[in-house]
Amino acid sequence: MPVITNIDDLKRIYERRVPRMFFDYAESGSWTEQTFRENTSDFEQIRLRQRVAVDMSGRTTASRMIGQDVAMPVALAPVGLTGMQHADGEIKAARAAEDFGVPFTLSTMSINSIEEVAEATGKPFWFQLYTMKDEDYIRRLIQRAKDAKCSALVITLDLQILGQRHKDLKNGLSAPPKLTPKTIANLMTKWAWGLQMLGAKRRNFGNIVGHVQGVSDTSQLGVWTAEQFDPSLDWGKIGKLMEMWGGKVILKGILDAEDARMAAKLGADAIVVSNHGGRQLDGALSSIRMLPQIMDAVGGDVEVHLDSGIRSGQDVLKALALGATGTMIGRAFVYGLGARGQKGVTEALEVIRKELDTTMALCGERSVGALGRHNLLVPQDFGGCWQE
Ligand SMILES: Cc1cc2nc3c(=O)[nH]c(=O)nc-3n(C[C@H](O)[C@H](O)[C@H](O)COP(=O)(O)O)c2cc1C
């Protein structure tokens, strides 16, 4: 077994183990992938301030996100088709998160259903909602999340229309994969993945198939999702969804100070500064670059989380030091899951916690709450000089 020292180690194993179509699905951004690339490279521009002769004993990464105790302020982001990266992937990732003490978010577009994940876990998880035109389906979906005792609804706002990722079109992405000469040739080299997949509880979209009239197979599902995502979603509709849910709400996909103010005004418990991991609007700025502006706009009014581009505990620390209360990781946990199942997700979380803890110590801090701008060296023009 190779020694895992960082998230990239898991990514290399993941790439070898999982069919190309699903690796490409995770490892791509929209169009030119500029935003996807800058999400990670912009983190590198921020440097850390080394401090010495500070008592670093008794450190902790423990914190709180939306009033919930967390072992570190890092939640697993909602990731569609997680159950195609590894058999029963959502169940495995949710269990790893639960054991570790961080929140797990189940995507609307998951393979394992809300009920299957609830049955396999002992603590409430978060549920992510994509808004669809079929209001009756959305009402039932929200009720299913309530019945499963989900502790927060994460409403994703940056995917009313799908950003184009070229590789998905070229690969003919589907769940389960359609058998063409190209996919068969690739699957033959991924036999361990295939064997495990044969024993999976499910190989199609568990929150959708069987719950929407006329959707019984995935070929129809492709048509259905393209037609069903609600392009008319606006703040009024978001308010109604929040009312329908009645519990804690996180609005995900905010990348603009004005939108952040709207979300705070609506009474969200938290926002996630996010560009969907560079998968939607190519050419948008990275999340970490937008964070300071958004903190200035709403920092005192609503809890701010950040995702997109986090690949290490140092990235987490930079987001927290710029004011975020919490973070989410998408690909970083998917690499672990695809590489080694539940154990791999735990390894990804361990890597990140260790990096966060060691960096905190070398920056002279003992708790995540104490982190701030004083720990960072931020280039003067980091926010950029952009004209509207
Ligand atoms: C393969 C993949 C699938 C995703 N599916 C969803 C989804 O179903 N719902 C959602 O709100 N966000 C989805 N996202 C976005 C993530 O929740 C998160 O914003 C993003 O992964 C953060 O960037 P990172 O991967 O660089 O950490 C997806 C991201 C990836 C990589």
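Readers should treat all values here as calculations from the given coordinates under stated rules, not as data from a laboratory. Since we're looking at a predicted model, the values are computed, not measured. Positions of Cβ are generated from backbone atoms using ideal geometry, with glycine treated the same way; all protein chains shown enter the neighbour counts.
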Report task. Report the residue, chosen from GLN160, GLN143, GLN213, that carries the largest GNM mean-square fluctuation when the chain is represented by alpha-carbon nodes joined by springs under 10 Å. Result -> GLN213
Requested in this report: Using label points projected 7 Å from each Cα along Cα→Cβ, tell me how many nm separate GLN34 and ALA185, to one decimal.
Outcome: 3.4
Report task. Please name which of THR61, GLY344, SER312 has its Cα lying farthest along the dipole of the stretch 7-377 towards the positive end, using unit charges on Cβ (Lys, Arg +1; Asp, Glu -1) and the Cα centre as origin. Result -> GLY344
Requested in this report: Answer with one residue from LEU241, ALA96, SER30: the one whose Cα lies farthest towards the positive end of the charge dipole of the chain, charges on Cβ with Lys, Arg +1 and Asp, Glu -1.
Outcome: ALA96
Report summary line: From the Cα centre of the stretch 145-205 to that of the stretch 372-388, the distance in Å is 37
Report task. Can you put ARG311, ARG49 in order of Cβ neighbours within 10 angstrom, beginning with the fewest? Result -> ARG49, ARG311
**Report entry** Theoretical FRET efficiency, 1/(1+(r/R0)^6), r = Cβ-Cβ of GLN380 and TRP235, R0 35 Å, to 0.05
**Finding:** 0.50
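Run the dipole for the chain about the Cα centre, Lys and Arg Cβ at +1, Asp and Glu Cβ at -1, nothing else charged, and hand back the magnitude in debye, nearest 20. Please report the intermediate quantities before stating the final value.
Values: 46 positive and 46 negative charges, 212 e Å.
Charge dipole, the chain, about its Cα centre: 1020 debye, nearest 20.
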Report summary line: Under 12 Å by backbone N from the virtual spin label 7 Å along Cα-to-Cβ at ASP168, the residues of the stretch 95-129 are 109
Report summary line: One would report the antiparallel percent of DSSP beta bridges in the chain, rounded to the nearest 5, as 20
Query - Most mobile listed residue (ILE138, ILE111, ILE254) in the chain, GNM with C-alpha springs under 10 Å - result: ILE138
**Report entry** Over the chain: helical MRE at 222 nm, DSSP H runs n ≥ 4 each giving -39500 (n - 2.57), nearest 500
**Finding:** -13500 deg cm²/dmol
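Taking the beta-carbon count within 10 Å as an exposure proxy, list ILE288, ILE66, ILE155 from fewest neighbours to most. Don't jump to the answer; show the numbers that get you there.
Values: ILE288 27, ILE66 20, ILE155 24.
The most exposed by this proxy come first: ILE66, ILE155, ILE288.
Which value, in debye to the nearest 20, gives the size of the charge dipole of the stretch 28-138 about its Cα centre, when Lys and Arg are +1 and Asp and Glu are -1 at the Cβ? Let's see the in-between values first.
Working: 10 positive and 16 negative charges, 152 e Å.
With Lys and Arg at +1 and Asp and Glu at -1, about 720 debye.
For a Förster distance of 22 Å, can you work out the FRET efficiency between the beta-carbons of ARG373 and GLU258, rounded to the nearest 0.05?
My answer for the efficiency is 0.40.
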Report summary line: Zone reached by a paramagnetic label modelled 7 Å from GLU227 Cα along Cα→Cβ, restricted to the stretch 157-193 with backbone N below 18 Å, covers 161-162
Query raised in the report: Taking the Cα atoms of the chain alone, what are Rg (to one decimal) and Dmax (as a whole number) in Å?
Result: 20.1, 66
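Quick one: of LYS170/LYS201; LYS237/LYS318; LYS190/LYS343, which pairs are farther than 30 Å apart, Cα to Cα? Could the numbers behind the result be given before it?
On the way: LYS170/LYS201 28 Å; LYS237/LYS318 34 Å; LYS190/LYS343 19 Å.
Check vs 30 Å cut-off fails for LYS237/LYS318.
Any idea what the relative contact order of the chain is, in percent, if you count C-alpha pairs under 8 Å spaced at least 6 apart?
28
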Query raised in the report: Each residue of the stretch 251-267 in order: what ³J(HN,Hα) in whole Hz does its phi give by Karplus 6.51 cos²θ - 1.76 cosθ + 1.60, θ = phi - 60°, with x for Gly and Pro?
Result: 9, 10, x, 8, 9, 9, 4, 5, 5, 4, 4, 4, 5, 5, 4, 5, x
Report task. Name the residue farthest towards the positive end of the dipole of the stretch 7-377 from the options ILE329, GLN50, THR180, assuming +1 on Cβ of Lys and Arg, -1 on Cβ of Asp and Glu, about the Cα centre. Result -> THR180
Query raised in the report: In nm, to one decimal, how far is the modelled label at GLN387 from the one at GLN50, with both set 7 Å along Cα→Cβ?
Result: 4.2
